[in-house]
Amino acid sequence: MFADIMMQIHRMTLRVTMESKINLDTITPQVDAIRRQLVRDKLIEAQDALPDSFGRKACYSGTRSSVLKSIEDWLKTDTSPQVFCLSGQSGSGKSTVAVTVFQEILGIGTDIRFAGFFCSSTFDKASNPKYIFPTLAGQLCQCDDTIYSILEPMLGQQDPTSGSGETQFEKLLIGPLGSVNGTTLLVIDGLDECKGLLDHAFEVLNTLLINVSRVTALKVLISSRSNSPIFEQLFLKVSENPSGYRCFSLDEDVSLPELRHDLRLLLAVELKTRGFGQKDIISLQNVINNANCSFFVALTACQELISPFGNSSKQADSFKDLLSRGTNKIYESVIERALSVVDSNDDSGDPIQRRGLYAALVMVAFGQDSLSLIELAPLLGIPIDELRGFFSGFPENILSVKDETVLILHSSFQDHLKSGQLAQPDGSLQDCMHLYITRLLLCLMNKYLHRHISGPGGFRLHANTTRQSPRQDSKITPDLSYACRYWPEHLVMINMLTAQEERQSLFFILQEFFHAHLLHWLEVLAALGEMDRIASALNILLKWIKDNCDSGLGDHSSLEGTVSDALKSFKLFRTAIESSPHQVYHSFLLPWTPSGRRLAELYRHVEASITVAEVTCHRRQLITIEPSIDNAQETLRIKLSQDASRVAVVKKERIEIGENAKDTFEVFLDDSGSQSYIDALFVGKDNILVTTLSRSSYAEVHLWNVVSKKIEKTLLQQHQATGSKMLPVLVFHSERGTPSLVALLTSSKVKVWEVRTWKERLNIQCRRDQNPRNRLLALSSHHILVGLQLKKLPRSGGTTRTVYLNFAEAPRCATFSSDGDTLAIAGNTGISLFTHILEVTAFKMSPSIVLPVSHQITSLALSPVGRYLAATGQSFLWAWKLGEEQPLMRLQNEQKRTVSSVVFSKNGKFLHCAHICPGSRTALFDMRIMEAPISGQMPVTALAMSCHGKIATGSSNGAVTIWDSSMSKVLRHWKRERHPSAVTYVAFSLDGKFIASVSPERVYIRSTSSDLGSNELAQRLPVQSLPKSHSYSFSRCVFSGDSSLFLCIVKADTRPTFAQIWQMATWKLLAEFELDSRDYSPDEDIQSISLSQEGDLFAIGTRTNALDIYTLAHNESSIHIKHTQRISVVGRPPLHLSFTLDKKYILSTAGAFDIKRGLKQVNEISRTDAFFQDGWIVDSDGQQRCWIPFEEDIRDWASYRSLLVFCTKALGNVVLVGVRPIQ
């Protein structure tokens, strides 16, 4: 918009010059003035924060001499510290001192540049720290041509309020001030008044203090109340470096005689203005001699002296009483006097009317300048004249009415009104004031909130703008804006003394409101740019609900859960919601997380923007949670509960537990340092066994209740464990998915307990031996395995028969199936399966099956009836269907060290998995369907979609599979001819009759039309044209539109990357040419390629934003390059390339480009399929429909019309997304 205005000025100048033949010199000053005004307006949005705005007054003549002299000396001394800290209690005169400094600099006409920002909680922008640096820069532009010339060009390209405080300070102040000479004074007054945005205020403060030394002639004066967090931060900085700051406290550094002198001068001026005689003034000045109050209290007391013609003695007594009351008492008397004005007008003193007036005053305090009298009157049902009369009864230094807007002029009065400690005349109103306001605002929102209330285009105001007129298609009125912004703040002020039935009733109202209007409410706040308020409001509500549930109002977990889910979803999708308020409906209802699934279920009457399919073959990532794991080298364990509802992460210093129904881990046990946590094992619904080791090497095992966090039983106490090999070992046996037996192995004995009663079932002695062969432990309802001895578990006491197992290598871990008939033991090179254990009668037993493995296994799991086996180790998870040697599932993480835990479901059909990488703050949950074919179990590494909606997947084991559009049915699967390594790329021909798959070693081109089970190959590369003496690897491939040609990119170790073009009918090599790699590395950067219908145009899109078009010339026996075009695409890489049938345009995710016009980007042509762009799912009309919070985890994607499919890097899972048309 700014650039457009500047262009209009330029055009106007040319037109006037040419048509009227006016000398350009005569209008240049006018144009420059307009330009300066535009720059000023763009930088200074917070007009109410300027030093000369809002009637700010300087000190009375002759007062404040000591502080003004201190500031003057500081300014004039070149060697003085660059920062001056001015502090004092509320009403001590900090702002008037700052205004006086400003006026004196202007009056004297010194060469000091001045810019100030006067924070005020009365105004939204004046209390928003993000406007501080732009406002200061705007004032400097007005007084310095050099600074103006530096800032003016950059403002046409960016919003000056965007970016962090440090970024703003660098661009708007450090850079320009480094180019000018002379002293610059920046004043930031009342930084503590940015109460709702304290984090941003701290950012501004720290930015100033850290960077001020970069401009030697820069001086900064910062003022704040002496009891504020800002002052505490300042005080900390000063104490660290006393010589780096000049400080002055209006509370401590002003002597009592000087204070009384100043107060006498104030009194003389104010009373004389109000018509008091000299004799009365002297009488009242004598009262001041014995007072010790702030300027604000003295000024307010003066204005409370109603008549200059009253009895002098009574005036003095009244004045003395006012001075001694203190600020809050004065405020109460001021409010009562304003109420009495209204009461005297109608002689009623109606409590209901007084409650409405109190409510109006409180709402003004909360809403700053957001509601005018015109809007307050109908909202509260009070005649506007009565409101005017009420507010006109306040002293002018406390409150004023300007253009029908009520302005509170002193922040301490605002704090008093918001504190919830109003001493109202009618005590019955005190506890229900905020309840009354909350009900009123909820009623208003219930009446007017609806979907797309911000307008069909998702209209969005600038952040923190309250008085801006809404768009014509927006229904956000000022009173509705106030209600949406402030009702949570009124809610938390409801006193606990409020009747329980009243609060109980409010809970039901809140439940109805959230069910009907939660998303509508969030849309309004997003439209108003109140992103920080959304987070704070949801946190406020969550705390209030929890506190009031604890106070005996019963279980309101559903309401708490809804608010908690909304908060989690907002944190995840904040970026999307900032772009458009309508994204509230698109992102909150998506099942990426459990909170999203629950919200989608709660608001199933609200249609989301997209659908997410539950893919049968590859269950999507179920949940992402964030435990406090930050050390990549740390040793940790992860343990799933038997029903997969909980997971524990065990670190040395603490244990954290996450629930599948939640999105975050919570610290369960946090040790003080006297012991380390070694292991954990879930037993039962709410219990967990925890093994600890003290510094003195004593091990203990306790049974904890997960909910109450209390120890319920001790299984092992003060057991000496010398060395890690002698630590206790815990295992359990479960029946129907519930642990029924627990076994504990120590260096001297083995114990078994029944979980239901914790009755001891077995207690036997064992050898004190550190041999790993004797540390093996597994348990079933029939047997216990200790070392390699299989013992029958007796029902009660007595001896037990032992079977010795033949196992040649050192065992690492073991497990039984739930029926106890199968035992698996893992060693270093294989897994041995012992079957039909229940029937064994011999003294020795050999394995029935041995599965070779090449990884070190740390845990095993058998499905309930022994049909499937899963093994986990560092960075891998394998699963087998028993009876088959090849793994059914193989997950490996080559990039990061991963720790996993797995459990089978009760019916054995599902494998629940939990994975975590030390150093990562994300845990991944996954669920695999064991009955899916092997093609559906391996991680997917490449994807493609045909013109008929079929989906092709290439897997980590080299297999290629074709599925139907829902991925519920396998259409083709090639078992015999697999790639020797993971498939890196798959591509359909345009007609869908052929599919090509690529791995580094080879390329397969197959027909898709044969029946399922057919394994014939159309062609396999490499072919004879590649010399055997060189090393090659294949990258990307593509078919021509008519399927007559096939092109493949080949990387070589001794020559540049090149392309081969083959004639598919004869598989004759028609061309081989090297790629132009001036601006990118073909080995790494090529992301997308495309061939035109007849193969006469070839396109390459790269990761580095390059787009190359090769024009190819054909003859009967060969193809050669005719010429090449190249552009660098602005903004994003051109991916998923395709030519239009007429070959005029090349389409990509970065836009469409005209081939015959030098690859000029055109907006009239667009893709016809959904696609990914900058983390968004975009529909065929180019509309952003859904933001993906885990974009960095997406390995590959493909789309056909409104259906999009992608696979993840971490687990190779597949997600199907359907994009609904916009209604």
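The values are calculated or read from the model by the stated rules, or taken from the named source; none is laboratory data. Since this is a predicted model, take the numbers as computed values, not measurements. Every residue, glycine among them, receives a Cβ derived from its backbone with ideal geometry; neighbour counts consider all protein chains shown. When the accessible area is computed, the model is the full protein with side chains, heavy atoms only, and any ligands, DNA or RNA have been set aside. Shrake-Rupley method; radii C 1.70, N 1.55, O 1.52, S 1.80 Å.
Figures for the structure shown
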| read-out | value |
| --- | --- |
| Signed unit charges on C-beta, dipole axis of the chain, positive-most listed residue I71, G596, V220 | G596 |
| Förster-model FRET efficiency, 56 Å R0, K329 and T1104, C-beta, rounded to 0.05 | 0.20 |
| Cβ-based charge dipole, the chain, positive-most Cα from C813, M938, S997 | C813 |
| HN-Hα J in Hz across the stretch 952-961 - Karplus 6.51, -1.76, 1.60, θ = phi - 60°, x for Gly and Pro | 10, 10, x, 10, 5, 8, x, 7, 10, 9 |
| The chain - percent of accessible surface contributed by carbon and sulfur, probe 1.4 Å | 49 |
| Order by protection proxy (mean Cβ within 10 Å, highest first), peptides 503-512, 172-181 | 172-181, 503-512 |
| Local net charge near E754, Cβ-Cβ under 13 Å (Lys/Arg +1, Asp/Glu -1) | +4 |
| Exceeding the 21 Å Cα-Cα cut-off - candidates K57/K130; K950/K993; K125/K237; K568/K909; K909/K975; K57/K402 | K57/K130; K125/K237; K568/K909; K909/K975 |
| Efficiency of FRET from Cβ geometry, L198 and S579, R₀ 25 Å, rounded to 0.05 | 0.40 |
| Mean separation of Cα contacts under 8 Å, 6 or more apart, over the residue count of the chain: relative contact order % | 5 |
| Accessible surface of R597 - all protein chains present, 1.4 Å probe, nearest 10 Å² | 80 |
| Too-long pairs where the Cα-Cα distance tops 24 Å, listed order kept, from K1068/K1160; K662/K710; K639/K710; K1068/K1122 | K1068/K1160 |
| Pairwise label distance in nanometres, R801 with K685, each label 7 Å out on the Cα-Cβ vector | 4.0 |
| Loop trypsin sites (Lys or Arg not before Pro), the stretch 63-141 (other Cβ atoms within 10 Å of the site Cβ: 12 or fewer; DSSP) | none |
| Among (1) 33; (2) 30; (3) 22, the entry derived from the coordinates for percent of Cα pairs over 59 Å apart | (1) |
| Top positive-direction residue, dipole computed over the stretch 1074-1223 with Cβ charges, set T1102, S1088, S1148 | S1148 |
| Exposure rank, largest accessible area first [T77, T898; 1.4 Å] | T77, T898 |
| Of the DSSP H helices in the chain, those whose Cα atoms cover at least 30 Å axially and whose Kyte score averages 0.0 or more | 500-527, 557-579 |
| Around C143: net Lys/Arg minus Asp/Glu count, Cβ-Cβ under 12 Å | 0 |
| Net charge over other residues, Cβ less than 10 angstrom from the Cβ of T802 (K, R count +1; D, E count -1) | +3 |
| Mean separation of Cα contacts under 8 Å, 6 or more apart, over the residue count of the stretch 148-288: relative contact order % | 19 |
| Relative contact order of the stretch 1124-1212, defined on C-alpha pairs under 8 angstrom at six or more residues apart (%) | 16 |
| Which of S120, S579 is most accessible, then next, and so on - probe 1.4 Å | S579, S120 |
| Virtual spin-label span in nm between E760 and R451, 7 Å along Cα→Cβ | 6.5 |
| Integer Hz, Karplus 6.51/-1.76/1.60 couplings in order for the stretch 642-656, x for Gly and Pro | 5, 8, 6, 7, 9, 9, 10, 10, 9, 10, 4, 9, 6, 10, 10 |
| Cα-centred dipole magnitude for the chain, charges only on beta-carbon of K, R (+1) and D, E (-1), debye, nearest 20 | 4520 |
| Coil-residue GluC sites (Glu not before Pro) of the stretch 833-920, DSSP, other Cβ within 10 Å capped at 13 | E884, E885, E894 |
| 5 angstrom amide H check on L221, placed H, neighbours 5+ away | F84, L186, V187, I188 |
| Helix-only [θ]222 nm of the chain, DSSP H runs n ≥ 4, -39500 (n - 2.57) each, per residue, nearest 500 | -9500 deg cm²/dmol |
